[in-house]
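The values are calculated or read from the model by the stated rules, or taken from the named source; none is laboratory data. Being a predicted model, the structure only gives us computed values, none of them experimental. Heads up, the Cβs are rebuilt from the backbone with ideal geometry, glycines too, and the neighbour counts pull from every protein chain shown. For accessibility, only protein heavy atoms count, side chains too; no ligands or nucleic acids. Shrake-Rupley method; radii C 1.70, N 1.55, O 1.52, S 1.80 Å.
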Amino acid sequence: MQNPDTASTSFTIRYLSQQGKFPEALSLYVQMHGSGLLPNTFVVSSALKASARILCKVGGVMIHGQVKKLGLCKVVFVQTALVDFYSKIGDMEVARNVFDEITERNMVSWNSILAGYVRCGDLAMAQNLFDEMLVRDVVSWNSMVFGYARGNDMEKACTLFREMPERNPASWNAMIAGYVECGKIEMARSFFDAMPRRNNVSYITMISAYSKYGSVESAIELFNEKGEKDLLLYNAMISSFAQNNRAKEALQLFDEMLQSNANIQPDGMTLTSAISACSQLGDLKFGKWIESYMSKSGIKMDDHLATSLIDLYTKCGHIDKAYDLFHSLQKRDLVAYTAMILGCGINGRAKDAIKLFEEMMNANIIPNQVTFTGILTAYNHVGLVKEGYNCFMSLQKYGLVPTVDHYAIVVDLLGRAGQLEDAYELIKSMHVQPHAGVWGALLLACSLHNNVELAEVAAINLFEEMMNANIIPNQVTFTGQLEDAYELIKSMHVQPHAGVWGALLLACSLHNNVELAEVAAKNCFELEADSSGYHSLLANIYASAGRWDDVKRLRGEIEVKGLAKIHGASWMDCDKAGSIEIN
DNA sequence: ATTGGAGAAG
């Protein structure tokens, strides 16, 4: 009896919905309805599912109206789809009304409303409903376990977990996620180890947990242990590297993913993490590469991507490009404002930073610690001492505790203005351990204003901090105390990394100390696989000392080792961007 | 046909 058009359109809508192409399914449904074709119950439930998944409120409500008109209100599939839709958009009142009208509820009807209560955090209602259920399946149990775990009631979650007659990987994953959320990472790991079948979700949850708690090594271990890796697993590991200041490894893995035989295509999230890594390295070339990649692969610019690009462009001094991106944002949130404020601060655009900060306040967005780092950097850059100091003092108004970095900026600000005693008092008043950067800022200020006494205090503390930390601050480059720095490195309690020797090498190049430069360079070469930067630095030192034979020898070494090329990072070469294949 | 579990930017 059905019109052939209706039949084929219905089929397409159901197919699109099953394929996860929800916007497409929904728009086809609207089109179908607009052309006067009557939808059947199958199409209506598919369209409702689509509306629910993309949280299209008007779409679902509109379909609800049509359902009433068409008299499909008694069909359990339609009713259940409606319950699910209202549950997902958080309108539990309407969801409950529809649910109560269902005369023959099935398992899915119950589970839909149950998940709705769990999602909006109404565990009491969820528990009531759960108790009312005569038959429960593993989905019902999982919803309850998930609810308690997310509410940090692990005891309750655990009790339910032990009681449940049947468990699947999702049950275990809910427990793992719950323990992770309340910081009990060891417990999470125990569940992870104990579960019979770990799936990707289990791995991703543990990897991102380790990432948050700084144990990247454990994350790597799990990542390597997993045989087949999919896009989401790569994303978790890449962002884990990017968030723990391991930018090079993030990009290496990104490259490995592109080159892998599994033919995994990155998505917006992959690119977001990769851009963040590039921003840490100040690699602007990549920004351009990313934009060409996006247009080729059809990855659409979203606010997350734009925000990470803003960060990249500002760090590379392209503030106008960053502004363009900022103006293109759908919604300016805390992170976007902070990236832009920090960007203006770094680039000396204090007025802009202050303007953005005010704009942000007017939009009722609460600043956080990083926002303050940005605004303080701006004040520091233009030497607005009073404003900067007041800003620093206003941190508490937002319930924020100043970080060591905030102190370092303000010490620098006060110090440069010659208020050395104020700076010193501020350091003494700190409730966090001042790191070398704080003392370094004071020492630099003392050297600018010829205050020997305070300089000695600062220097002693600076050296002490450096003994604890695996860094040698750039302040040595100003003071030129190269031998002291060298002795210091030799006395370090921890193994100095390439950056430590690199700082000394740079200082040697500024102060023309060839002998020490050779020692520092040798250590850099040994500690860092890609030592091309250090090679050219040493070559420059030889050149300025007129030791052309050594320059020649070093250039030869560079060529032999092929150091100019960075292995396994083909995308770094923008010219090759066009050669990457995208399906 | 309709239900549950995961990853991002400063």
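The shape of region A:4-49 comes out prolate: with a ≥ b ≥ c from the C-alpha gyration tensor, a/c is at least 1.5 and a/b beats b/c.
Oblate is the label for region A:301-400. Its Cα gyration tensor axes, ordered a ≥ b ≥ c, give a/c of at least 1.5 and b/c at or above a/b. Solvent-accessible surface (1.4 Å probe) assigned to A:ASP324 amounts to roughly 100 Å². Spin-label model, A:LEU70 to A:VAL138: label points 7 Å out along the Cα-to-beta-carbon direction sit 3.4 nm apart. If the segment from A:VAL457 to A:SER544 were pulled out straight at 0.36 nm per residue, it would be longer than the present Cα-Cα gap by 27.8 nm. Legend: calculated FRET efficiency, A:SER8 to A:LYS331, from the Cβ-Cβ distance at R0 = 35 Å, rounded to 0.05, equals 0.35. At the residue level, A:GLU559 shows approximately 150 square angstrom of accessible surface with a 1.4 angstrom probe and all protein chains present.
Peptides A:269-279, A:57-67, A:363-373: what's the order by average Cβ count within 10 Å, highest mean first?
The most tightly packed comes first, giving A:269-279, A:57-67, A:363-373.
With a ≥ b ≥ c the root eigenvalues of the C-alpha gyration tensor of region A:402-469, is it rounded (a/c under 1.5), prolate (a/b larger than b/c) or oblate? Taking the square roots of the gyration eigenvalues as a ≥ b ≥ c, region A:402-469 is oblate. Panel values: region A:73-193, Kirkwood radius from alpha carbon pairs, Stokes-Einstein at 10 °C and 1.306 mPa s, translational diffusion coefficient 108 µm²/s. Accessible area per residue for chain A is 50 Å², calculated with a 1.4 Å probe on protein heavy atoms, without ligands, DNA or RNA. Using the rule -39500 (n - 2.57) for each DSSP H run of four or more residues, divided by the residues of chain A, the 222 nm mean residue ellipticity is -22500 deg cm²/dmol.
Please state the equivalent ellipsoid semi-axes for region A:91-157: what are the square roots of 5 times the Cα gyration tensor eigenvalues, largest first, in whole Å?
20, 13, 8
Geometric descriptor of region A:130-235, per residue, is 102 Å³ (volume of the convex hull of the Cα atoms).
Surface composition of region A:301-400: carbon plus sulfur atoms hold 52% of the accessible area, using a 1.4 angstrom probe and ignoring ligands, DNA and RNA. Summing +1 for each Lys or Arg and -1 for each Asp or Glu among the other residues whose beta-carbon sits under 15 angstrom from that of A:SER140 gives -2. Label-to-label distance for A:ASN40 and A:ASP267 is 3.2 nm, based on points extended 7 Å past Cα in the beta-carbon direction.
Give A:LYS49/A:LYS212; A:LYS21/A:LYS212; A:LYS288/A:LYS331; A:LYS248/A:LYS296; A:LYS331/A:LYS397; A:LYS57/A:LYS315 a once-over and call out the pairs whose C-alpha atoms are over 28 Å from each other. Checking Cα-Cα distances, A:LYS49/A:LYS212; A:LYS21/A:LYS212; A:LYS57/A:LYS315 exceed 28 Å. Separation of region A:357-419 and region A:44-58, taken as the distance between their Cα centroids, equals 46 angstrom. At q = 0.06, 0.10, 0.12 Å⁻¹ the log10 of I(q)/I(0) for chain A amounts to -0.45, -1.11, -1.40, computed by Debye summation with a single uniform scatterer per C-alpha, solvent ignored.
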